[in-house]
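Student: One structure coming up, written as structure tokens, with questions to follow.
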Amino acid sequence: MTTATSLAPVAERLTRSVVQVLSGAGGGAGLLWESGLVVTNAHVTQTREVGLVLPDGRRTRGVVTAYDGRRDLALIRAAVDLPLCATGDPRLRAGALVFAVGHPLGVTQAVCAGVFQALGKLPAGLRLPRLDPRLDWLQADLRLAPGNSGGPIADAEGRVIGISAMILGGLGLGVPSPEIEAFVKANR
């Protein structure tokens, strides 16, 4: 298992697969899920064509080809040549170390760490109209901010267990990796 002192190299490897998504007046992060396919949150993609900034600063364009508002997922088709990352099982034990990569408040490739809480329905009282309360969500005490949306949430080994969706009631919420995989498979 990775220790806190060795999380930096694991996080650095993961940042190589994370892009900045620029759409309309806002944006967020995206993750190269498969060759030519970037996954992000639906609320990040305000337009059909989006700008992408790669980790090395290169810029390119992408086209949103699929959208699922109830799960808050969007799929962007783009010619990007980034390394793919491994996915992991989002059913971690409560207390497991997790981290998120994104571009919060304009800080590019920022990493925050936290503790995994649960994979399941949102706790009573934590509801937003755009989220489907019947679905399971990753829940962790990650300090997410605008710009983290769509970026990966990973376990301590750097395996992506989901993507960040939002902060709600002090909890970072994310879409679990099996849901992302099903979405990508259905919309290739």
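Student: Please work out if Ala66 is of a type outside the set (D, E, K, R), in a strand (DSSP E or B) and touching a Leu at 6+ places or on another chain (Cβ under 7 Å).
Tutor: yes
Student: I would also like to ask the following. When you check Cys85 against the structure, is it in contact (Cβ under 8 Å) with a residue 24 or more places away in the chain, assigned to a loop (DSSP other than H, G, I, E, B), within 19 Å of Leu7 (Cα to Cα) and within 17 Å of the chain's Cα centre (by Cα), yes or no?
Tutor: Yes: the conditions hold for Cys85.
Residue by residue, here is whether (1) out of contact with any Lys or Arg (no Cβ under 8 Å at 6 or more places or on another chain); (2) over 19 Å from Gly69 (Cα atoms); (3) outside any loop (DSSP other than H, G, I, E, B) holds:
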site	(1), (2), (3)
Val115	yes, yes, yes
Arg134	no, no, no
Arg143	yes, yes, no
Ser149	yes, no, no
Gly158	no, yes, no
Gly174	yes, no, yes
Phe183	no, no, yes
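Student: Give the residues of the range 28-61 that are of a type in the set (Val, Ile, Thr) and out of contact with any helix residue (DSSP H, G or I) (no Cβ under 7 Å at 6 or more places or on another chain), sorted by residue number.
Tutor: Val38, Thr40, Val44, Thr45, Thr47, Val50, Val53, Thr60, listed by residue number.
Student: Of all residues in the range 148-185 being among the acidic types (Asp, Glu) and in contact with a Ser or Thr (Cβ under 8 Å, 6 or more places away or on another chain), which is surrounded by the most Cβ atoms within 10 Å (Cβ to Cβ)? Steps first, please.
Tutor: To start, the set of residues in the range 148-185 that are among the acidic types (Asp, Glu) comprises 155, 157, 179, 181.
Next, only the ones that are in contact with a Ser or Thr (Cβ under 8 Å, 6 or more places away or on another chain) stay: 157, 181.
Working: Glu157: 12, Glu181: 14.
In this case the residue turns out to be Glu181.
Student: Any chance the range 48-59 includes a residue that's hydrophobic (A, V, I, L, M, F, W, C), buried (at least 23 other Cβ atoms within 10 Å of the Cβ) and in contact (Cβ under 8 Å) with a residue 60 or more places away in the chain?
Tutor: Taking every residue of the range 48-59 in turn, none turns out to be hydrophobic (A, V, I, L, M, F, W, C), buried (at least 23 other Cβ atoms within 10 Å of the Cβ) and in contact (Cβ under 8 Å) with a residue 60 or more places away in the chain.
Every read-out reported here was derived from the displayed coordinates using simple, explicitly stated rules and does not represent laboratory data. Keep in mind that this is a model prediction, so the values were computed, not measured. Don't worry about glycine lacking a Cβ; one is built from the backbone with ideal geometry, like all the others, and counts go over all protein chains shown.
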